[in-house]
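First the structure, in the form of structure tokens, and then the observations on it.
The values are calculated or read from the model by the stated rules, or taken from the named source; none is laboratory data. This one's a predicted model, so the numbers in the text were calculated from it and none came from an experiment. Methodologically, a virtual Cβ is constructed for each residue, glycine included, from the backbone with ideal geometry; neighbour enumeration extends over all protein chains shown.
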């Protein structure tokens, strides 16, 4: 079962996301700040992160950049009511796989979550297979 981490300072949004995604069988943890979520990620694993852009303290963009540099990188979906074209480009550069403007249809978010998790699984399987593959050696002539 996949785990999703939700970071949003609006309790209603966190609750709606958690309810909608837990109905699909995901386990969910929610945080109201990126700092708290980052501390949690230091000792726990998540398969995907959904974060708001505007957060108290560390912004969603800074959180995305930090996630992109972490050794246990997971897909990130950003949600925001304040997405300018420049911000969207910066989020993409920081590794966000999708960005949804608030409000958004829950079915589209669910689809994006499934797609991001599938791509992450495929990438992990490829990395594991390449580590197991025997390396060819050239014989000296």
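Does at least one position in the stretch 121-128 carry a residue that is modelled with pLDDT under 95, surrounded by 11 or more Cβ atoms within 10 Å (Cβ to Cβ) and on the phi > 0 side of the Ramachandran plot? No - not one qualifying residue is present in the stretch 121-128. Of the residues making up the stretch 39-48, one or more are surrounded by 14 or more Cβ atoms within 10 Å (Cβ to Cβ), without any contact (Cβ under 8 Å) to a residue 40 or more places away in the chain and either out of contact with any helix residue (DSSP H, G or I) (no Cβ under 7 Å at 6 or more places or on another chain) or not in a loop (DSSP other than H, G, I, E, B) (or both). Scanning the stretch 1-15 for residues that are closer than 24 Å to residue 57 by Cα, free of Cβ contacts under 8 Å to residues at least 60 places away in the same chain and out of contact with any helix residue (DSSP H, G or I) (no Cβ under 7 Å at 6 or more places or on another chain) turns up 9, 10, 11, 12, 14, 15.
Among the residues making up the stretch 17-35, those that are out of contact with any helix residue (DSSP H, G or I) (no Cβ under 8 Å at 6 or more places or on another chain) and either under 25 Å from residue 93 (Cβ atoms) or free of Cβ contacts under 8 Å to residues at least 12 places away in the same chain (or both) are 19, 22, 23, 33, 35. All told, residue 68 meets the bar of being surrounded by fewer than 16 Cβ atoms within 10 Å (Cβ to Cβ) and assigned to a helix (DSSP H, G or I).
For residue 81, the stated conditions do not hold, so it cannot be described as touching a residue at least 12 places away in the same chain (Cβ under 8 Å) and more than 26 Å from residue 12 (Cα to Cα).
Residues in the stretch 75-91 that are surrounded by 21 or more Cβ atoms within 10 Å (Cβ to Cβ) and part of a loop (DSSP other than H, G, I, E, B): 1 in all. Can you say whether residue 102 is exposed (fewer than 15 other Cβ atoms within 10 Å of the Cβ) and either modelled with pLDDT of 95 or more or in contact with a strand residue (DSSP E or B) (Cβ under 7 Å, 6 or more places away or on another chain) (or both), as far as the supplied structure shows? It is true that residue 102 is exposed (fewer than 15 other Cβ atoms within 10 Å of the Cβ) and either modelled with pLDDT of 95 or more or in contact with a strand residue (DSSP E or B) (Cβ under 7 Å, 6 or more places away or on another chain) (or both). Determine, yes or no, whether residue 80 is farther than 24 Å from residue 20 by Cα and modelled with pLDDT of 85 or more. It is false that residue 80 is farther than 24 Å from residue 20 by Cα and modelled with pLDDT of 85 or more.
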